[in-house]
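Remarks on the structure that follows.
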Amino acid sequence: MHVRGTVAGEVEIRSVSTSYGESDLAEVPLRLDEDRNRSEDENEKKNENGEGATDGGTTLGVGETDDRDDGNGPDSRTTTTVTLWNKWTESAALLEPGMELLVTNAKTEEYEGETRYATTGDSYVVVEPSFLVNVTAIRNWVECPRLYYLNKLSGIPLNYPVVKGTIVHEVFGDLLRGRDLEDAIDARVEEHGLELGLLGESRDAVADDVRENAAAIEGWLEQGRLTGEGKKKDGAANAAARSEQSFSPTEGSWRSEQLLISETFGIRGRADAIRRGAPVELKTGKNLKKEPRFKDKVQAACYALLLEEHGGDVDTGTLLYTKNSALDRNEETGDLTPAKDFSMGDGLLKFVVRLRNEIAAMEMQGDVPTGYEGDAKCEYCFEQDTCMVVSGRLDQESKAGQIGTPLPEEEREYFERFYRAIEEERREVHREYAKLWEQSPEERADDDRALIDLEFTEMRELSEGRWELRARRQSGATSKLREGDLVLASDGDPVRGSSELARIERLGSAEPRSADSQTVEPGDEEIVLTADEPVEVTRLDVYPSELTTDRLLAALHDVLLKGDDRRKDVLFGRAEPEFDCPEETFIDNNDAQNEAVRMAIGADDFTLIHGPPGTGKTYTIARAVRAMVERGERVLLSAFTNRAVDNVLEALLEQLDDVIDEDRIVRVGSESGVREDMEPYRLERAGDPDDRLAELQNAQVVAATTATCGSRVMKEQSFDVALVDEAAQLTEPGTHAATNLADRFVLVGDHEQLPPVVRAENDLTESLFERLVDRYPEAGVMLDRQYRMNQRIQAFASREFYDGQLRPAEPAVAARTVDDLEGVSRDSLPEGLRDPVSFVPVDGDDGRYTDSEEATRIAELVDAYEAAGLERTEIGVIAPFRAQVSEISKRVPESVAVDTVDRFQGSSQEVIIVSFTATGRLEGPIFEDYRRINVALTRPKRALTLVGDPSALESDPVYDRMLEWARR
Ligand SMILES: Nc1ncnc2c1ncn2[C@@H]1O[C@H](COP(=O)(O)OP(=O)(O)OP(=O)(O)O)[C@@H](O)[C@H]1O
């Protein structure tokens, strides 16, 4: 049986004499987790042939019984003792009270009337199993724990070996999928044109280099062919067979890259290839020994564990050293065979789990590795210098030693605070993974994290050996999935079934309901995906990605360790930001906007533009960029979302029409991320290296999301100034990702609207924008004239959130009503709706996240507005919870935009109806954050109707004042 629980006290480790001689043991007090233990048992039954198939490394002499079917699960939350024998004491030494522990294939022991547990020869001991450690992290760790840390901190830079390695891996996958070698090389080198251009490499030279490495792959595949392994044949029937093979590995089969996640071992990774059910790892280096390198074996062993959890029984691993085939037999001595097999011993698998435990425990404790944990020799390490600099600057203990003086204390404190915050965020991402197996498919669907019960329709092989998968779904399902997203496409079980990482190419035929809301909406039908391997897809799950957290960490590292001193002086309050503003007038009808442009141009360090709703932020940014371009500056334009980037870019194109050539404006982003009408400006990554490089280098204005600013390509770029829109929605490190690339920066945002979207509650929830506005109010300007709302509508938000300073920019704005719209007459509205602001009381049905009475009332209101002549597309409905959003969606016509506040931020509508979904009292964080109500109330231009239970709203002072204003 599997035993799982929380460490409940100090762990005792000692030696005892057994009939086998001296043995170590650790006694762990464990508070059992009953639900978990039961479900582990069930899983085990499902998976009986898989688990514990390996034996060896006996740890205990007493009679081992198979008690997996004893049926007596441990009592709920009782504390017991689990004895971990011999080598597992190393993992026991990492345990601290409060940590989670899983022991597989444990046996029960009766001791003084109490049931205890102990490891058996088949047991694995897993520390913090829900912490998912990446396979490459384990490989780095075994090389040197400090190397693992350094890689995590700075990310992988753009360099030729890395790009070449990626191309060789891609070609490898192509060959496995049956693509022609030369086609594969041409296509893959072409795809990396931009990166190769930045590296100064030519297409032919790279192709030659890749070809040499590919010879090893071809040779190895040829060998397989000779021994009669079935490589890819043709036809869809074979495809189905292959997709089956992937999870019931059979003799004579192989497949390319596979994403594997293990809920038991807390490991995940992508195996390069699987042959006859065993992992194959590709290394672009050379190895002249007979045996694979140890760290490479460790990596293959990780995949073996993952495959075993999927029901395989892995006894070998293969390492393919592609450089070996490029070496000259006359000059090199040693074993030049590229493919090296090794047997996958039980001892190695357990060793790998212990390594993984070291990482999990260290991360849970928030420790930083010193290098002493391992036995690597610093003098042979390529990273020795970097290691010493990082240790020196951050004043960290390190085996390699330190060089340089430590950063000032406030910077080190900042580093530690944000490092911790980002790691907490990472843990939340891991929790998302855990939900893949903890939640039922229905729960996942209810959480909008999955589309389930799809009807698989077809799969088709594409010319490049990839696959197109199609499925149909019942209408009505909603989810967070969007076109362009990477998802887990599975046959129904993303963890234990057949699953592939796939990209959503199309999500049905229907148009998104509103420009800013690309949620999957009712009426969509066919789903089209592309993947490396075929799957009979019936379910799609959100793929939790650590990319964002990785990039936040790299941005934090860059600002502190590579950042400019002056930048840090102002960020840390050691110097005041300085300005030298031009006396020119840039905007003659709006003083605050004009001042904002002057400051953006004149700032030495940075400036902050605070833009409440509808105050012309976009226009001001576009005008400022034009002035900068005219001064010959190179400008980076960035924002948190693709939507915002495209929005500003659109305004900018108008401004720059007669200033620079269109080809000097470049949008960096993926095809699916960039709005269609901005596609002509998108930087193509594929192509001739020189051309690709020239296009980017020639650009005077580059637009990209802040996440993309952290990419390898963008990190090679530098700018005179970075303008960041939606800055109040960015975390501090998220903002640095863009501002690190420029000499000075301009942040534009509104901290009275929604804060950064993060999963964890910590320092990441406050934006750099807000912190700097508080610290240096004089370094910014607030745009105080709004071009959106009728006077009545804006009054409350102005008073409550902007000290009464927000005013209509023009009389025409102040006097806006629905009457101005063609074919609409206010008089034909029911009396209660004629004022620009109205309140419709309902009693509410006391539901927690839904309110059917409100939903019904809202449907009537939508009808009333329609009857008065409004178009459906001119009406928006905002509700606090997704459940209420679907409740309302069911009752109103499809073209009415219904969504949460978060989805409405940044957009506006002629008419907005707000559902409060609260009866009697206002409960929960949704209502506590007043910034949400600010956003909701400032979306409409001409009419706002609030629907809710007055007694609930009166219970809070802010909502009470809102009510007073709405009822007036
Ligand atoms: N100085 C100005 N003179 C005339 N019209 C202006 C001026 N500034 C902005 N506008 C107009 O006001 C409207 C809103 O401007 P813009 O889209 O720039 O606002 P925003 O602050 O970015 O909006 P949001 O709050 O939705 O992000 C636009 O129609 C724009 O043309």
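The values are calculated or read from the model by the stated rules, or taken from the named source; none is laboratory data. Because the structure is a prediction, the values reported are computed rather than measured. Glycine gets a Cβ as well: all are built from the backbone with ideal geometry, and neighbour counts include every protein chain shown.
Values as computed for the structure displayed
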| read-out | value |
| --- | --- |
| Search result, residues across the range 852-866 that are in contact with a Ser or Thr (Cβ under 7 Å, 6 or more places away or on another chain) and within 25 Å of Glu822 (Cβ to Cβ) | Ile858, Leu861 |
| Answer from Ser798, Ser828 - the residue that is surrounded by 21 or more Cβ atoms within 10 Å (Cβ to Cβ) and either more than 41 Å from the chain's Cα centre (by Cα) or of a type in the set (Gly, Ala, Ser) (or both) | Ser798 |
| Residue ID - nearest to Val746 (Cα to Cα), chosen from residues in the range 542-571 that are surrounded by 14 or more Cβ atoms within 10 Å (Cβ to Cβ) and more than 29 Å from the chain's Cα centre (by Cα) | Val570 |
| Residue list for the range 169-192, restricted to those being assigned to a helix (DSSP H, G or I), over 24 Å from Ile138 (Cβ atoms) and under 26 Å from the mean Cα position of the chain (by Cα) | Arg188, Glu191 |
| Single residue of Asp774, Asp720 found to be surrounded by fewer than 20 Cβ atoms within 10 Å (Cβ to Cβ) and either outside the structural domain of Val702 (by the TED database) or not in a helix (DSSP H, G or I) (or both) | Asp720 |
| Among the candidates Glu468, Glu432, Glu424, residue that is at pLDDT 90 or above and either within 30 Å of Leu768 (Cβ to Cβ) or out of contact with any Lys or Arg (no Cβ under 9 Å at 6 or more places or on another chain) (or both) | Glu424 |
| Test result for Ala797, free of Cβ contacts under 8 Å to residues at least 24 places away in the same chain, within 16 Å of the ligand (Cβ to nearest atom), assigned to a helix (DSSP H, G or I) and aliphatic (A, V, I, L, M) | no |
| The range 881-904: number of residues that are more than 19 Å from Gly924 (Cβ to Cβ) and either more than 16 Å from the ligand (Cβ to nearest atom) or surrounded by fewer than 23 Cβ atoms within 10 Å (Cβ to Cβ) (or both) | 9 |
| From the options Thr78, Thr115, Thr108, Thr166, residue that is surrounded by fewer than 18 Cβ atoms within 10 Å (Cβ to Cβ), among the polar types (S, T, N, Q) and closer than 30 Å to Glu281 by Cα | Thr166 |
| Filtered residues of the range 655-678 (kept if under 17 Å from Arg634 (Cα atoms), buried (at least 17 other Cβ atoms within 10 Å of the Cβ) and either touching a Lys or Arg at 6+ places or on another chain (Cβ under 9 Å) or not assigned by the TED database to the domain that holds Val625 (or both)) | Gln655, Leu656, Val666, Arg667, Val668 |
| Residue that is farthest from the ligand (Cβ to nearest atom), among those in the range 572-604 that are assigned to a loop (DSSP other than H, G, I, E, B) and surrounded by 18 or more Cβ atoms within 10 Å (Cβ to Cβ) | Pro577 |
| Matching residues in the range 326-373 - criterion: being under 26 Å from Leu153 (Cβ atoms), touching a Lys or Arg at 6+ places or on another chain (Cβ under 9 Å) and part of a loop (DSSP other than H, G, I, E, B) | Gly366, Val368, Pro369, Thr370, Gly371, Tyr372, Glu373 |
| Top-ranked residue in the range 757-767 [being part of a loop (DSSP other than H, G, I, E, B) and without any contact (Cβ under 8 Å) to a residue 40 or more places away in the chain; ranked as nearest to the ligand (Cβ to nearest atom)] | Glu766 |
| Pick from the range 800-844, criterion away from the ligand (no atom under 16 Å from the Cβ) and of a type in the set (Ser, Thr, Tyr), ranking: nearest to Pro613 (Cα to Cα) | Thr817 |
| Members of the range 260-288 that are β-branched (Val, Ile, Thr) and in a strand (DSSP E or B) | Ile261, Ile267, Ile274, Val280 |
| Checklist (1) touching a residue at least 40 places away in the same chain (Cβ under 8 Å); (2) buried (at least 16 other Cβ atoms within 10 Å of the Cβ) applied to Gly317, failing item | (1) |
| Residue within the range 605-612 that is more than 10 Å from the ligand (Cβ to nearest atom), assigned to a helix (DSSP H, G or I) and buried (at least 22 other Cβ atoms within 10 Å of the Cβ) present | no |
| Hey, Met628 in a helix (DSSP H, G or I), more than 10 Å from the ligand (Cβ to nearest atom), touching a Cys at 6+ places or on another chain (Cβ under 7 Å) and touching a residue at least 12 places away in the same chain (Cβ under 8 Å) or not | no |
| Some residue of the range 142-153 being surrounded by fewer than 20 Cβ atoms within 10 Å (Cβ to Cβ), of a type in the set (D, E, K, R) and in contact with a helix residue (DSSP H, G or I) (Cβ under 9 Å, 6 or more places away or on another chain) | yes |
| Residue pairs meeting the criteria (Cβ under 9 Å; at least 6 apart or on separate chains; first closer than 20 Å to Leu652 by Cα, in the range 678-701; second of a type in the set (Ser, Thr, Tyr)) | Arg682/Ser670 |
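Conditions tested, residue by residue: (1) surrounded by fewer than 19 Cβ atoms within 10 Å (Cβ to Cβ); (2) in a helix (DSSP H, G or I).
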residue: Phe769; (1), (2): no, yes
residue: Val781; (1), (2): no, no
residue: Arg788; (1), (2): no, no
residue: Ile793; (1), (2): no, yes
residue: Asp819; (1), (2): yes, yes
residue: Glu822; (1), (2): yes, no
residue: Asp846; (1), (2): yes, no
residue: Val862; (1), (2): no, yes
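Here's the yes/no breakdown for (1) assigned to a helix (DSSP H, G or I); (2) charged (D, E, K, R):
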residue: Asp677; (1), (2): yes, yes
residue: Ala686; (1), (2): no, no
residue: Ala704; (1), (2): no, no
residue: Ala707; (1), (2): yes, no
